[in-house]
Amino acid sequence: MSFLELRSITKRFGGLKAVDDFSLSLEKGSLTALIGPNGCGKSTTFNLISGTFTPDDGSIHFDGIDISLLPAQQIARLGVGRKFQVPAIFPELTVFQNLKVPTLQSKSYFSRSGSNHMLLEILSQIRLNKKSDTPASQLSHGEKQWLEIGMILAQAPKLILLDEPTAGMTATETAATAELIKDINKSGDVTILVIEHDIGFIEQLQCPLTVMARGQVLKSGSFDTIRNDKEVQELYFGKEASAHA
Amino acid sequence: MEFWEAKLKNKLPVIITFGSLALIPLFVGDYWISQLNYYLVYGLFALSLSLVWGYGGILCLGQAIFFGIGAYVMAVTTKGMISPILMNSYIGLALAILCSAAFAALLGSFLFAGKGINGAYLAIVTLAIAIVLERLMSNWYLLGGYNGLLDVPPLNLGAFGYDIELWDSLPAFYTLWVIVFSVAIGLTYLVRSDYGILLTSIKTNPDRLAYFGFSILKLKLSVFCLSAAIAGLAGALFVTIDGFASPTLIGFTLSTEVLIWVAIGGKEVLLAAFLGAIATRIAESWLSEIFGDYWILILGITFMVSVVLLPKGLIATPLSHIGKRLSIKID
């Protein structure tokens, strides 16, 4: 069995099938992108994996455990970290305190932190080492995105779900984010699944793609195969290209 | 020097405040000392609400529930109504704290379970429970009913047959001072610890915490129970200086009063909430002499001004300005 395996999961909202008989399997240490037009069920898929919703049909296995029906908090404890589309950070806390929050889950509230060293490393990894004591509310949008990625690293998960990590970023920031994600994935311990709209970003990631449409898998393959696929072009790249032209 | 920077500096405002309080009995007469005793207890009560509301983000409109439970448990224990063996101030205080916290745990398990109740709904539910309990106590004749329990003995610091009863207001003052000061310093330490970081995060974005694996229920319960325990302690101390436990201690009026003290002082700063309680009580005793019942209008206007113009609180706002200038973080 794969590290993360979604077996024909279905999620209905009223009459609408947001996710429809969708299957996906990720190997340990892999980096995969999930793309598709708005409303195709990408975010719902994330919500199903991370426990916001439970699937109506099918099953989700993570690291050998059936997590289909578990609540978000237990799935997180098993080692699934999730970055939200709108950066979900704590604006009143400083950057460093934000990074500290996830580490407090696994230990007693009152113990003095022994993990500061790890947090300092993450701080430089997300390029915020000069802003350690800055309140998170004062960060730029891109920096907030990085901070949330940093918080997920502090959680030390085995699987990271990134929902549009470069939304609202400049081109330079986007490139830096691609480097950051590849860097995280390099060790081979962390499996990453990215939802993204920005094709330029996906190209920089150099990773296999799964294209989703109307809640189902349309195509899977390498970036180049997908880019040259007629059906996908019609659905996604074509529209994008004409919209940007 | 490092010790100064790390430990002492940020606690200076609390230490200065309580240092000055300790000196006041040297300059005032017996009447004011006995008033000070009430202020200390009300200040302690305000600290409990500031913790759960200002730091934990849980607006409890029935904080007097826990004050009242503490008061009644202390009264019943030290009057020997449970058993003569338990007629001891220390046992009374311990039971008062325990029962308040236990009731909070029970109540909180319902309020915060599942998706939980938040904001105005939580406020209304807690307020309703306070009213129900006030009615209950008014009709529970075994516990004095509407008339309450009279002749609650003062604190007795002695044990094992030796009595050190604090009938005079001066020794009672310094005893209360030690207790309230300890709680205040302890809370200042707590909100600066990692637990304080968690409180801020659960206040601003509780849903996020679930995705880091936290149990929101446990976190909310912990701060709710701690706050209730402190309110219970305040209630227990109150009956030892007042000698009287009545249904008003558990009900609607006191719940809203403490809310106003804390809002006027500043809910997000423990010290400001503490001083807010004292300042409002002092203002009450002066203004009600001059204006009679109309003083309530002045209080209401002050409350509205503070909510609209200075939502951080009338005391917290200048305090944090001073703190910024001296680069001290005031909690």
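Just one of (1) surrounded by fewer than 19 Cβ atoms within 10 Å (Cβ to Cβ); (2) touching a residue at least 40 places away in the same chain (Cβ under 8 Å); (3) within 14 Å of chain A (Cβ to nearest Cβ); (4) not small (Gly, Ala, Ser) trips up residue B:179, so point out which.
With respect to (1) surrounded by fewer than 19 Cβ atoms within 10 Å (Cβ to Cβ); (2) touching a residue at least 40 places away in the same chain (Cβ under 8 Å); (3) within 14 Å of chain A (Cβ to nearest Cβ); (4) not small (Gly, Ala, Ser), residue B:179 is out only on (3).
Select from segment B:151-176 the residues that are more than 23 Å from the chain's Cα centre (by Cα) and surrounded by 12 or more Cβ atoms within 10 Å (Cβ to Cβ) and list them in ascending order.
Within segment B:151-176, B:158, B:159, B:164, B:165, B:168 qualify.
What number of residues in segment B:214-228 are under 15 Å from residue B:114 (Cα atoms) and either more than 8 Å from every other protein chain (Cβ to nearest Cβ) or free of Cβ contacts under 8 Å to residues at least 60 places away in the same chain (or both)?
Number of matching residues: 7.
Residue by residue through segment A:75-101, note down the ones that are hydrophobic (A, V, I, L, M, F, W, C) and at the interface with another protein chain (Cβ under 9 Å from one of its Cβ atoms). Give the steps one after another, and end with the answer.
First pass over segment A:75-101, keeping only residues hydrophobic (A, V, I, L, M, F, W, C): A:75-76, A:78, A:80, A:84, A:86, A:88-90, A:93, A:95-96, A:99, A:101.
Selection gives A:75, A:76, A:78, A:80, A:84, A:88, A:89, A:90, A:93, A:101.
When the residues of segment A:61-74 are filtered to those that are of a type in the set (Gly, Ala, Ser) and surrounded by 18 or more Cβ atoms within 10 Å (Cβ to Cβ), which remaining residue is nearest to the other protein chains (Cβ to nearest Cβ)? Explain how you work it out, then say what you get.
Within segment A:61-74, the subset of a type in the set (Gly, Ala, Ser) is A:64, A:68, A:72.
Subsequent filtering for residues that are surrounded by 18 or more Cβ atoms within 10 Å (Cβ to Cβ) retains A:68, A:72.
Working: A:68: 17, A:72: 5 Å.
The extreme case among them is A:72.
Yes or no: residue B:234 on the phi < 0 side of the Ramachandran plot and touching a residue at least 60 places away in the same chain (Cβ under 8 Å)? Lay out the reasoning, then the answer.
Working: on the phi < 0 side of the Ramachandran plot: yes; touching a residue at least 60 places away in the same chain (Cβ under 8 Å): yes.
In short, yes.
Would it be correct to say that residue B:59 is out of contact with any His (no Cβ under 9 Å at 6 or more places or on another chain), over 25 Å from residue B:177 (Cβ atoms) and surrounded by fewer than 24 Cβ atoms within 10 Å (Cβ to Cβ)?
Details: out of contact with any His (no Cβ under 9 Å at 6 or more places or on another chain): yes; over 25 Å from residue B:177 (Cβ atoms): yes; surrounded by fewer than 24 Cβ atoms within 10 Å (Cβ to Cβ): yes.
Yes; evaluated as a whole, the condition is true for this residue.
Does segment A:35-50 contain any residue that is under 17 Å from the mean Cα position of the chain (by Cα), of a type outside the set (Phe, Trp, Tyr), buried (at least 21 other Cβ atoms within 10 Å of the Cβ) and more than 30 Å from residue A:229 (Cβ to Cβ)?
Within segment A:35-50, none of the residues are under 17 Å from the mean Cα position of the chain (by Cα), of a type outside the set (Phe, Trp, Tyr), buried (at least 21 other Cβ atoms within 10 Å of the Cβ) and more than 30 Å from residue A:229 (Cβ to Cβ).
Filter segment B:182-213 down to residues that are farther than 30 Å from residue A:154 by Cβ and free of Cβ contacts under 8 Å to residues at least 12 places away in the same chain, then give me how many there are. Before you say what the answer is, go through the steps one by one.
Narrowing segment B:182-213 to residues farther than 30 Å from residue A:154 by Cβ: B:182-185.
From the residues that got through so far, the ones that are free of Cβ contacts under 8 Å to residues at least 12 places away in the same chain too are B:182.
Total meeting the criteria: 1.
With the condition kept exactly as written, say whether any residue in segment A:162-185 is out of contact with any Cys (no Cβ under 9 Å at 6 or more places or on another chain), within 14 Å of another protein chain (Cβ to nearest Cβ) and at pLDDT 90 or above.
yes
Being assigned to a loop (DSSP other than H, G, I, E, B) and charged (D, E, K, R) is the filter here, so list the residues in segment B:110-160 that pass it. Spell out the reasoning first.
If we filter segment B:110-160 for residues that are assigned to a loop (DSSP other than H, G, I, E, B), which is where we start, we get B:113-118, B:140, B:144, B:148, B:150-155, B:157-160.
Selection gives B:115, B:151.
The values are calculated or read from the model by the stated rules, or taken from the named source; none is laboratory data. Model, not experiment: these values are computed from the prediction. Positions of Cβ are backbone-derived with ideal geometry, glycine not excepted, and every protein chain shown enters the neighbour counts.
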